1. Residues with beta-carbon under 12 Å from that of Thr3, excluding Thr3: net charge, scoring Lys, Arg +1 and Asp, Glu -1?
2. Around Val17, under 15 Å between beta carbons, what's the net of Lys plus Arg minus Asp minus Glu among the other residues?
3. May I ask you to derive the FRET efficiency for Ile54 and Glu34 from their Cβ-Cβ distance with R0 = 30 Å, giving the value to the nearest 0.05?
4. Which is the longest part of the chain that has none of the trypsin sites (Lys or Arg not before Pro) sitting in a DSSP loop with at most 16 other Cβ atoms within 10 Å?
5. Among the lysines in the chain, how many pairs, 8 or more places apart or on different chains, have alpha carbons under 26 Å apart?
6. Which one, Asn51, Ile4, Val17, is farthest towards the positive end of the dipole of the chain when Lys and Arg carry +1 and Asp and Glu -1 on their Cβ?
7. Return the FRET efficiency for the residue pair Lys27, Glu47: r is the Cβ-Cβ distance, R0 is 30 Å, and the value is rounded to the nearest 0.05.
8. Work out the P(r) tail for the chain: percent of alpha carbon pairs separated by more than 18 Å, whole number.
Amino acid sequence: METILIQANNEKEMKLVQSFLRQHKIKGRVLSDEDKEDIVLGKLMQETDYNELIDTNTFLSKLRS
């Protein structure tokens with residue numbers, strides 16, 4: 001199964017896309033802001049290099065200063 005993301009510029013475009021999906025019996029879903037944040041957070045977690053760790057005490061002292 002493949003996924004495509006479509007960003008509508010306004011409500012009229014959104015309704016047009018949703019109508020097209022319904023007419024062609026294509027599964028679709030509108031993402032909430034929370035859904036979009038979760039996607040970005042997941043991507044950031046995938047890109048994190050866990051080999052570059054710093055000492056917890058050093059990190060905390062830099063936060064406090």
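1. Working: positive: Lys27, Arg29; negative: Glu2.
Within the 12 Å Cβ shell, the charges total +1.
2. Values: positive: Lys12, Lys15, Arg22, Lys25, Lys27, Arg29; negative: Glu11, Glu13.
So the environment of Val17 carries a net charge of +4.
3. Numbers: r = 30 Å, r/R0 = 1.01.
According to the calculation, E is roughly 0.50.
4. Values: sites that count: Lys25, Lys27, Arg29.
Answer - 30-65.
5. Total qualifying Lys-Lys pairs in the chain comes to 9.
6. Checking the options against the dipole of the chain, the answer is Val17.
7. On the way: r = 29 Å, r/R0 = 0.95.
Approximately 0.55, to the nearest 0.05.
8. Working: 1304 of 2080 pairs.
For the chain, the fraction of Cα-Cα distances above 18 Å is 63 percent.
Values quoted throughout were computed directly from the atomic coordinates according to the rules given, and no laboratory measurement underlies them. Bear in mind that the values here come from a model prediction, so they are computed numbers and not experimental data. Heads up, the Cβs are rebuilt from the backbone with ideal geometry, glycines too, and the neighbour counts pull from every protein chain shown.
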